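This report concerns only the one structure given below.
The values are calculated or read from the model by the stated rules, or taken from the named source; none is laboratory data. No experiment lies behind these values; they were computed from the predicted model shown. Here the Cβ positions follow ideal geometry from the backbone for every residue, glycine too, while neighbour counts run over all protein chains shown. The area values use the complete protein model at the heavy-atom level, side chains included, leaving out ligands, DNA and RNA. Shrake-Rupley method; radii C 1.70, N 1.55, O 1.52, S 1.80 Å.
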Amino acid sequence: MCGITGIVSFSEQGKSFHDSIDKAVSALSKRGPDSYGTFRDKNVSLGHTRLSIIDTSSASSQPFTDPTGRFTIVYNGEFYNYASIKDELQNDGVQFITTGDTEVLLQLYIKLKEKSLEKINGFFAFAVYDKEDESVFIARDRFGIKPLLYLQDEDKLIFGSEMKALLSYNISKEIDFESLHSYLELNYIPAPHSIFKNVKKLLPGHFLKITEQVESECYYEIPAPNTYSSHTYNEAKKQTLEILEKSVQRRLVSDVPLGTFLSGGIDSSIITALASKHHNKINTFSIGFKDNKMFDETFYSRLVAKKFNTNHTEFALSTDELHESLHSTLDYLDEPFADSSALAVNLLSKYTRQHVTVALSGDGADELFSGYNKHKAEYEVRNPGFMANAIRKSSFIWENIPQSRSNKIGNISRQLHRFRDGINLSAKERYWNWAKFNDISSQNILNHTLEKDILDKRKETLLKDIKNEGDFNDILRSDMHLVLPNDMLHKVDMMSMANSLEVRTPFLDHELVDYVFNLTPDFKINRKIKKKLLQDTFQSILPSELYDRPKKGFEVPLLSCFKTELKSLINDELLEDSFVKEQNIFNPSKIKELKSRLFSNSPGAIESQIWGLIVFQTWWKKWMA
């Protein structure tokens, strides 16, 4: 895994930014601590930091130029089917000087240009410079597993794997308050937008062609068929198993130590089970909070590790260790991102990296197969039965129970309120309400007037997959476009790269995604079970205990932290009254109300919103003050 950056200048003014390429490369050092390099020619500069995984020799270091000297590539990712593509190219007379995938990718691009993207099985962000016509081609993988940000104006185009690389070029920084509004609702900023008005995120499945002008094109879309596959349910189970096992096998190729994340949930357990068939005593890693059993699932990960005879390592963390990691997590963020499970992913990546360089994860299964609690709720709304009617009629019983993510009863109350509030909404509005973490529409928390038309247009774009006459696959497709790349994958990439660890995602092999989205949604969810196809396919393989427990996210205990160790940080620094007023971003009176509620005896489900403010304020102090 690596970090990439570069600049294409269109004017003399733009050329002055090339001097910052080394600084930008240095900013990405944690993504690639093994080596770094730069390339300069005329109006183009490219930079790369390397985490060596395949062909760890210096021969595969980047920027990498083909033998003719015409094409140069910087590349972040893995190209799993590179060996078979290499054979095809060699049959066409191409000679190779390395054993890695970078040279294969470059030669494939030289042969097919943008059509090369259709043949790649993997995850990536890369840029190729053609010296002859002075063009640059930049692409991002189908599902957004690897990030790519860019700034374009009349003088230049700058790109990089992380915002901190772009900031190294000393670009102008103007906050996009519509993006800040999205962040406060969702805890992240969806592509193509970023926290800055002049910086965009290249959408998954898209590429840029930079010549005398800049063009963006889509090369891949998640299937939305008019008619579904004729496969029977048993045929679908068999095919799912075969495709997923091949996907896991592809992702076990490595020249460095490798393992799997093992949370004890269905998804990571499936990946571990399949990996153990092809890798003897595979390394597995799990994390738990010994001070808070509500957030600890290590019992289940031990069951799986024992069943498949893995070399299991368990990290039992204390609350103090979680607090200590908070500052390193916040320090690495170069754009506000408030999914609090990033704290746990950071710790898991940190300790896992002490043992291996590559880890397989179960990310993508919930979005692909319908695994979230909101999917169950959506099914109940679309197919009303006893549960929906009971919740409607019994709200007087639980109406006044405090909502919270920090305890079981409070979390149930929170979920019941969200379900009841969503029942009578349209499919789009319901999806949005259940996708967002915080409802700030009536709070007037920002000190800035926002254009409602812009907010509505952004929201409509994000909800483009949900049709009035659509089916349940529309919901899953929306998750694949919104939640998966902007929250889940971004979190894992950011925190794993902060610890120089490569994470591979077998559920996001495009062959599996294409197959599953061609199946009827009835195979994926019904009134009794979420992820039906996936769970049924592997029920005979996994420990039965995994099937008799509720769905849990990779969450961390925040509320207790806010009221103890972080109380001074909140009151006296980040949300201190005079600082908020001087900063002139948030409404001081609304911030005071939130603090008063937080430290009261009935804070409700406020921890997510407070965490979002803590993250933003920390980011602002580091990058904007």
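Counting only protein heavy atoms and a 1.4 Å probe, the range 450-536 has 35 square angstrom of accessible area per residue. Here the relative contact order of the range 493-625, from alpha carbon pairs under 8 Å that lie six or more residues apart, stands at 12 percent. For the range 22-93, the set of chymotrypsin sites (Phe, Trp or Tyr not before Pro) satisfying both a DSSP loop assignment and a count of at most 10 other C-beta atoms within 10 Å is empty. Amide H contacts of Cys2: Leu51, Gly77, each under 5 Å away and 5 or more positions distant or on a separate chain (H built 1.01 Å from N in the peptide plane; Pro and chain starts excluded). Pairs exceeding a 30 Å alpha-carbon distance, out of Lys238/Lys290; Lys464/Lys532; Lys119/Lys281; Lys146/Lys452; Lys15/Lys209; Lys530/Lys590: Lys238/Lys290; Lys119/Lys281; Lys146/Lys452; Lys530/Lys590. Using the Karplus relation 6.51 cos²θ - 1.76 cosθ + 1.60 with θ = phi - 60°, the per-residue 3J(HN,Hα) values for the range 31-48 come to 6, x, x, 7, 6, 8, x, 9, 9, 9, 7, 6, 9, 10, 10, 10, x, 8 Hz, with x marking Gly and Pro. Enclosing the Cα atoms of the range 31-94 in their convex hull gives a volume equal to 102 cubic angstrom per residue.
Per atom type, the chain shows carbon and sulfur on 47% of its accessible surface, probed at 1.4 Å.
Each pair of Cα atoms in the range 467-506 enters the Kirkwood radius, and Stokes-Einstein at 20 °C and 1.002 mPa s then converts it into a translational diffusion coefficient of 184 µm²/s. The overall shape of the range 10-166, judged from the alpha-carbon gyration tensor, is prolate: a/c is not under 1.5, and a/b is greater than b/c.
Calculated over the range 288-354, the projected area of the Cα convex hull averaged across directions stands at 5.2 nm².
Kirkwood's formula applied to the C-alpha pairs of the chain gives a hydrodynamic radius of 25.4 angstrom.
Annotation for Glu132 and Tyr219: the two label points, set 7 Å from Cα along the Cα-Cβ direction, are 1.9 nm apart. What the Cα atoms of the range 129-276 give is an Rg and a Dmax of 20.4, 57 Å. Toward the positive end of the charge dipole of the range 453-555, with +1 on the Cβ of Lys and Arg and -1 on the Cβ of Asp and Glu, the farthest Cα among Ser544, Phe472, Phe523 is that of Ser544. Here the simple spin-label model places points 7 Å from the Cα toward Cβ, and for Asp439 and Glu451 these points are separated by 2.8 nm. Qualifying trypsin sites (Lys or Arg not before Pro) in the range 8-60, where qualification requires a DSSP coil assignment and no more than 16 other C-beta atoms within 10 Å, comprise Lys42. A simple count of charges around Thr284, restricted to other residues whose Cβ falls under 12 Å of its Cβ and scoring Lys, Arg +1 and Asp, Glu -1, yields +3. For Ser229, what charge total do you get from the other residues with a beta carbon under 15 Å from its beta carbon, if Lys and Arg give +1 and Asp and Glu give -1? Local net charge: -3.
Indicate the gyration tensor shape class of the range 422-571 (rounded, prolate or oblate), computed on the Cα atoms with a ≥ b ≥ c the square roots of the eigenvalues: a/c under 1.5 is rounded; otherwise a/b larger than b/c is prolate and the rest oblate. Oblate shape, in that a/c is at least 1.5 and b/c is the bigger or equal ratio.
Working from Cα pairs under 8 Å separated by at least six residues, relative contact order for the chain is 16 percent. Normalising the Debye intensity of the range 79-147 to I(0), with uniform scatterers on Cα atoms only, and taking log10 at q = 0.12, 0.24 Å⁻¹ returns -0.31, -1.15. Considering only alpha-carbon pairs that sit under 8 angstrom and 6 or more positions apart, the relative contact order computed for the range 259-348 is 27 percent.
The mean of 1/r over all distinct Cα pairs in the range 144-220, once inverted, gives the Kirkwood hydrodynamic radius of 13.2 Å.
Using 0.36 nm per residue and subtracting the Cα-Cα separation, the extra length available between Asp536 and Glu321 on full extension is 73.6 nm.
Scanning the chain for GluC sites (Glu not before Pro) that sit in a DSSP loop and have at most 12 other Cβ atoms within 10 Å, the longest stretch containing none of them is 222-398. Full extension of the segment from Glu469 to Lys622, taken as 0.36 nm per residue of separation minus the current Cα-Cα distance, would add 50.4 nm.
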